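Accompanying notes for the structure given below.
No lab work stands behind these numbers, since they all come straight from the coordinates. Here the structure is a predicted model, which is why all the values come from computation and not from measurement. Here Cβ is always computed from backbone atoms with ideal geometry, including for glycine, and neighbour counts include all displayed protein chains.
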Amino acid sequence: MKSSLNMASILINAIKRLHLSPQIRLCSLNSAAVTTTTANKTINILKKEWEFPPLYTKPREVWIENLDTVEEKKLGLIELHPMVYAAPPRIDIIHSNVIWQRKYRWVSWAHTKTRAEVRGGGKKPWPQKGLGRARHGSIRSPLFRGGGVAHGPRSGKSHFFMLPFHLRLHGLTTTLSAKLAQDDLHIVKDLELPTDESQYLVDLIENRNWGPAVLIIDDTDYAPRNITAATDNLLHVNIMPVYGLNVYSMLKHDTLVLTQAAAEKIEEKLLYHLHSDNRERMKKFKIDQV
Amino acid sequence: MSWLTSRILSVVWKPTVNVVRTRYHADKKRLVRRYGYQEKIWRGGLLPRSEGKALPIPEYRPDNPWSVRKALFGQNDYIDILGPGNLHPVKTLYNIPSWIRGVSGHEYHILLRKKKMWAKTGTPRLRPTKWKEIQKRLSFLYRKLNRKTKTGPSPI
């Protein structure tokens, strides 16, 4: 009896120490949408419906900004899942991903002719014995000037390989987390610009201290006309859809700007893959099974 | 007797001695040391050059890191994760010849695959020399890999 009471108290103490603060904090918001007015501004704070609720880490809160004016205006606050946007920084995984992206599509076209392929050289140049010269069988052997190369590069050398699925998945999460942790990730409501001039974007980037190169990720393949016209002349500001996101581009561009829908879509896709059975995808790559 | 007189004279009267210089420092010449030695170091200034066209030095033209190809490098590499899921990034390699797409291997493997894919086309009839070269190279590589070289270390 006494031992069972002791066990119960130990268990209760352990549960108290668990700090279930994220869920408690979320539960404390009484309504689904809370609107607070400060002077002339309204900030919308929405409670998020988590498909895979964050259990062990607090979700990251990010401001939603606007692109309508050059100056920054905060339109709201959004919570991002920690498994995607607060993953531990793994520089080795980022490195592997960058190397994979650079190498897997590279085919080396360096080519040299062997002694069989060089034109000529079928005849024995001089008799074997009697002349006092070195013995040779053809004038295109690698020993000769103008002869073939013995172990030279051969055309069409492929450096293709596939990185394991989980390494690519965690490459994405680590890079996104690194961008958020280093203040290089900005969430934007939508991509509506007031003008289609490139100078507007240049002023905006200058005003907000975003890096010179900006990668804008949108939810869909098509973007509003103004922003496409503005970024046409700026080579260092690029727009991509969600499926075009990759580690190399995220590292090449200093700032990453996601629309709210794009951020949520990325989160949804990555969380799905992080929580599903990936054994089929983890198997060795076979060209006829892709 | 003469020594006595000179001795007495030297005590009584000493003549004034004037030093007359006949050899001066400015007339001193370098002494020839190591006679017969010829120094091989060029002490004459710039090396002799030929007039006319100099060797061409190419003008430095730095490449643009933000050209379209470089700025969007790596796009769609994660399309099987972030896209609908039915497309593998290997299928997006449009600019690579079809026999190399998604293949990693030795020269022999790739050449064999190329030959199998070209056998179905008109290449054997239209490019006989090239076809013969491929056959020759395959035979050479087969003999070399299977008879003359060892395979890699066995997995332990």
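How many partner chain Cβ atoms sit within 10 Å of a residue's Cβ in peptide A:241-253, on average, as a whole number? Present the calculation step by step, with values, prior to reporting the outcome.
Details: counts 5, 4, 11, 9, 8, 11, 3, 5, 6, 1, 1, 7, 2.
Per residue, the number of nearby Cβ atoms from other chains is 6 on average.
Arrange the following residues from fewest to most other Cβ atoms within 10 Å of their Cβ: A:W210, A:W126. Present the calculation step by step, with values, prior to reporting the outcome.
Numbers: A:W210 21, A:W126 12.
Result, fewest neighbours first: A:W126, A:W210.
Any lysines with Cα under 24 Å of the B:K130 Cα? List them, leaving off those in the same chain fewer than 8 positions away.
Within reach: A:K113, A:K123, A:K157, B:K114, B:K115, B:K116, B:K120, B:K144.
Would you calculate, for the protein assembly as shown, the mean residue ellipticity at 222 nm contributed by helices, counting each DSSP H stretch of 4 or more residues as -39,500 (n - 2.57) and dividing by all residues, to the nearest 500?
Working: 16 runs with 152 residues, N = 446.
Value at 222 nm, helices only, nearest 500: -10000 deg cm²/dmol.
Per residue of the stretch A:142-157, what does 6.51 cos²θ - 1.76 cosθ + 1.60 with θ = phi - 60° give for ³J(HN,Hα)? Whole Hz please, x for Gly and Pro, Karplus curve as stated.
The phi angles translate into x, 6, 8, 5, x, x, x, 9, 6, 10, x, x, 10, 4, x, 8 Hz.
Mind giving me the nanometre distance, one decimal, between the label points for A:N209 and B:L46, set 7 Å out from Cα along Cα→Cβ?
So the label points at A:N209 and B:L46 sit 5.4 nm apart.
If I take R0 = 60 Å and measure r between the Cβ atoms of B:Y142 and A:A181 in this structure, what FRET efficiency does the formula 1/(1 + (r/R0)^6) give, to the nearest 0.05? List each step's numbers first, then the result.
Working: r = 55 Å, r/R0 = 0.91.
After rounding to 0.05, the efficiency reads 0.65.
Give me, ordered by chain and number, the residues 5 or more places off A:E65 or on other chains with an amide H under 5 Å from its own placed amide H.
Residues meeting the amide H criterion: A:L75, A:I187, A:V188, A:K189.
A:D92 to A:Q199: extension gain in nm, 0.36 nm per residue of separation minus the Cα-Cα distance? Mind showing how you got there, number by number?
Working: separation 107, 0.36 × 107 = 38.52 nm, distance 3.83 nm.
That works out to 34.7 nm of additional length.
Sorted from fewest to most neighbouring beta carbons within 10 Å, what does the list A:D190, B:D77, A:D288 look like? Don't skip to the end; give the middle numbers.
Details: A:D190 17, B:D77 25, A:D288 5.
Lowest count first: A:D288, A:D190, B:D77.
For a quick check: sort A:D184, B:D80, B:D27 by the number of other beta carbons within 10 angstrom, fewest at the front.
Working: A:D184 18, B:D80 22, B:D27 7.
Fewest-to-most ranking of A:D184, B:D80, B:D27: B:D27, A:D184, B:D80.
So for the protein assembly as shown: antiparallel DSSP bridges make up what percent, rounded to the nearest 5? If you can, show how the numbers build up before the last one.
Working: 14 of 31 bridges.
Antiparallel bridges make up about 45 percent of those DSSP assigns within the protein assembly as shown.
Arrange the peptides A:134-147, A:88-101 so that the one whose residues have, on average, the most other Cβ atoms within 10 Å appears first.
Working: A:134-147: 13.6, A:88-101: 16.8.
Top of the packing list down: A:88-101, A:134-147.
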